[in-house]
C-alpha cells in the first residue's frame, strides 16, 4: 500500500471514528453516554501505558500512581483555588503525575524487565499508602470531592459543562493526545524507544544513553496518564485512593494486552472491550440467577470470566485484538 | 578398522534436515546414518552446521523439514528428555557439566532413571570409576572446580550413565592437552568395545580417521561427501577440500 | 526529645520477637516465591491468592475435622495440587516466551482466584482457632505460645525444603534444571514436570503459611495482597532466586517493620520496607544478602 493511499485510508478512518464518537452522546441515553466518556478516559490512560509497554518494551504496574496523582492534583487545584479553574486543574494534575513519574523513573529505569515491573508496582503502593494514611491532606479513605469547573477562560468567558460538552471535551483531549503521541512515536525519539524495545544492548552499544531515553519515556507516559486522571476528576468530581491501588495498574495492563500493544489505539479498544465485558457480565449473572432461580450466582464476580478471557488471550492471542494491524497503524 | 556391513539396521537415520536460527538457514538438507556400535565421524570447517546437526538429533533444535529416525521410529520433534531416555546421549561442545553440583550428583542425573536397581547403579559407578580414576578421587567436589580435561571426562562419564546406545560427541578434544587427547581416544575405543555407537564431531582429523569406521564431510549446511575412514589418509585432497583453510 | 533515655527496651524486645515470628512466616511465603522464580523464571503474582486459599481450606477442614494439624496438611496438599494444575494449564504454554507474559498470566490468575474466594466465602472474615493456646510471660506481656510454634514450624518447613533440595534425588533434578535447563533435559530429566513440581511445592508452602498465619488475623479474600507485595520486596532485597537471602531479608524487613510500628501505624510500616527496597535498588541491585555481587 503506497504511502499516500495509506494516509488517505488512515485519516478517513480516523475522521469517521471521531465523528461517530462525537455524535454518540446525542443519541445515547445518559448512562451509556457516561460509559463512553469513561472508556475514552481509561483509554487515554491505557494509551499512555502503551508508550512504555508497546514502544519501549517496559511493562509498568505503576500507572495507578500517575493516574491517581493526576486526579489528586486536579482535586487540589479545584479545592484550593476559587473559582475552580479547569486549566489550573490540568496544570496541577500534570505536575503531580510528573513528580510521581520522576520518582519512579529515577529508580526504576536502571532495572530490567521483571525487576522494573515489580518495582513500579511497589512504588505505586507506596503512593497508595501515603495517600490513604495522610488523611489531613488527601482525605484518606474517603477521598476528596469538589465541584466541576467550567469550560472556558475564567473571567473572560465560561460555561458549565453539560454531559455532551464534557464528552466532547474529553474526546478532544483524547484525540489530540493520540495525535501527539503518534507524532512522538514516529519521530526520531520514538524510533530510539522502539530500538530499545527490540534490542536494548545493541541500542546502548550504538551509543544512545538508554537510561535517559527510558526516563523520558516514563515521564511522557506519566504525563498522559496524569491527564487521564485530571479528566476523571473533572468527570466524576471526586478523588479516591482506590484509583491509586495497584489493581488499577493491573487493569491498565489488561487493557493494553487485550487491545494490542504498540498500536496506541489498541489499548483504547482494549479498555472498551474490558469495560463492555464488565457491563455484560454484571448484568448477565443476576439475569440468569433470576431466570433459572439460582440465587447464588447473582453475585458472581465479573472478574472471573473476564480474568479467564484475559488469561486465554495472553496465551493464545498475545498480540491483542488490534495486533494484526500494528504495522499498518504505525506507518 | 573395517567398514561395517551396510545391511545392519541403522541405529540413527537423519533425512534431509533443514533448520533455521531466526532467519538464518543453517542446515540445508543434512542426511546421514549411524549403525549400531559404529563410530562415525562428522568433519567440516567451523560453522558448517555440525553442532547444529547433533543438537537437532538430540531435540534441542526443532527442524523445519526432515526427519530423524531412531531404530526405525521417528523421534523428530520429541522433547530431549524423551530422546535421552530412548538411549541417545549428548556431550556438548562446551561440556556444560553442572558446575554447582558435585561429580557424584552430575553422574546421578544420568544414573537416576526408572528401572535401574540400586545394585545396577553401583555396578555402573564401579566400572566408571575404574575408567576414570580421577573422577573417583574428586567425586564429592563441585563440577566447577575440575580442570578442563576432567570436566570433559565428567561430561562423557555423565552421558555414559544413561547406558545409551549412541553418544553424540561434539568436539571432545577441543582445548585439551595432547595427553588428554589420547585419553579421549582411549575412551572412544572403550565405548566402541562396549558396542556404544558414536557420532563424533571433531576438528582433530587424525583422531577422527583413526577412531571412526566411516566419515561424513559437511559444507555449507549439508553433507557433501562420505567415505570409509580406512580409505582416507590424513593428507587426502578430500580433507583439504572440506577442512583446509 | 530524650529519645535515648526513654527507649522502651521491653517493648523493643517484644517487637523483636514479633518481628522474628512474622519474619518466619514471610520467609516461608517468600521462599516459595523465590524458588519458583529461581527455577522457572516465573514471577508468581498469584502467590498471595494461594496463601489465601490455603487459609480458607484450613478453615473448612478445621471445621470438618476439628484438628488444626489435619487442616494444615490437607490444605498444603490441596493447594499444591491446585498449583500443579494451574501451572500445567496456564504456564506451560508460555514456556520459552517473554517472561513478562508469565507475570500477566499469573496476574490474571490472582484476579480470578481472589474473586472466586470473594464469591464463595463472602466478604466477612473467618477465624481459625489456634491449636496451641496459652501464654507465657514475656516481660510484662502475656505472650501466646502459638506465635513461637509458628516460628518453629516455619523454620522446620524451610529446613525441610533445604534438605530436600540438597540431598533428595528430585532435589538434584531441581538444582540441575536451575543451572542448565537444556542440559538437564538432555540428561533425561523431565524438565516440564520439574517445573510443575516446583510450582506445586511453592504453592504448598504458601498454603501452609496461610494456615499457620490464620489464627493471628482473620481469613478473608483480600489477605493475599499485602503478603505478595511484601514477599516481592523480600525477594528483590534478598536476591531473586536466593533462598538463604530471602529468609534473611524476610526477617530483616519484618524486624524493621516491627520496630517501626512502635512509632508509626502498621499500615505506614510498609514504607519502611519500601525504603529498604529503594536503598537496595540504588546500591546493591542484585540483593542485599547475596554473598558476592555479580
On Cα atoms only, tilt of C:269-283 relative to the major axis of chain C in degrees: 50 degrees
Once you keep just the Cα pairs under 8 angstrom separated by 6 or more residues, what percentage relative contact order results for the range A:17-247? 41 percent
Please compute, for peptide B:96-104, the average count of beta-carbon atoms on other protein chains lying within 10 Å of each residue's beta-carbon. 4
Here the Cα Rg-to-2.2 N^0.38 Å ratio for the range C:1-132 is 1.35
Cα pair count fraction exceeding 20 Å, expressed as % - the range C:27-221: 57 percent
Principal-axis tilt of helix B:178-193 within chain B, Cα atoms, nearest 10 degrees: 90 degrees
So, with points 7 Å from each Cα along the Cβ direction, the residue C:132-residue A:162 label distance in nm works out to 7.2 nm
Per residue, the convex hull volume that the Cα atoms of the protein assembly as shown enclose (Å³): 225 Å³
Sorted peptide list for A:45-58, C:79-92, criterion being average Cβ within 10 angstrom, highest first: A:45-58, C:79-92
Evaluate Rg over Rh across the range C:25-74, taking Cα atoms for both radii and Kirkwood's formula for Rh. 1.10
Sorted from fewest to most neighbouring beta carbons within 10 Å, what does the list A:176, B:54, C:141 look like? A:176, C:141, B:54
Averaging sequence separations of C-alpha pairs under 8 Å and six or more residues apart, then dividing by the length of the range C:27-221, give the relative contact order as a whole percent. 44 percent
Distance from the Cα centre of the range A:36-62 to that of the range C:144-192, in angstrom? 40 Å
Highest GNM mean-square fluctuation among C:63, C:197, C:239, for chain C with Cα springs under 10 Å, belongs to C:63
Relative to chain C, whose Cα atoms define the longest principal axis, helix C:47-65 and its Cα axis are tilted in degrees, nearest 10, by 70 degrees
By count of other Cβ within 10 Å, fewest leading, how are A:287, A:273 ordered? A:287, A:273
Residue-averaged beta-carbon neighbours from other chains (10 angstrom radius) around A:250-259: 2
Per GNM of chain A with C-alpha springs under 10 angstrom, the most fluctuating residue out of A:296, A:125, A:194 is A:296
Over the whole of B:81-87, what's the average partner chain Cβ count within 10 Å per residue? Rounded to a whole number, please. 4
Volume of the Cα convex hull of chain B, divided per residue and given in Å³: 130 Å³
When DSSP assigns beta bridges and you keep just the ones with both residues in chain B, what percent turn out antiparallel, to the nearest 5? 55 percent
Which residue fluctuates most in the GNM of chain B (Cα springs below 10 Å): B:73, B:229, B:159? B:73
Of all beta bridges DSSP finds with both residues in the protein assembly as shown, what is the antiparallel percent, to the nearest 5? 65 percent
Of every Cα-Cα pair in chain A, the percent that sits beyond 39 Å: 13 percent
Taking R0 as 25 Å, what FRET efficiency do you get between residue A:237 and residue A:14 from their Cβ-Cβ distance, rounded to the nearest 0.05? 0.20
Separation between Cα centres of the range A:229-292 and the range A:134-173, rounded to whole Å: 21 Å
For A:195, C:67, C:133, C:209, which order do you get if you count the other beta carbons within 10 Å of each Cβ and list the fewest first? C:133, C:67, A:195, C:209
Below 8 Å, C-alpha to C-alpha, sequence gap of six or more: please give me the relative contact order for the range B:83-170 in percent. 59 percent
Taking r as the C-beta separation of residue B:137 and residue B:31 and R0 as 41 Å, the FRET efficiency to the nearest 0.05 is 0.40
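Bear in mind that the values in this text are calculations on the coordinates, not laboratory data. Quantities reported herein were computed from a predicted structural model and do not represent experimental measurements. A quick note on method: Cβ atoms are made from the backbone with ideal geometry, for glycine too, and the neighbour counts reach across all protein chains shown.
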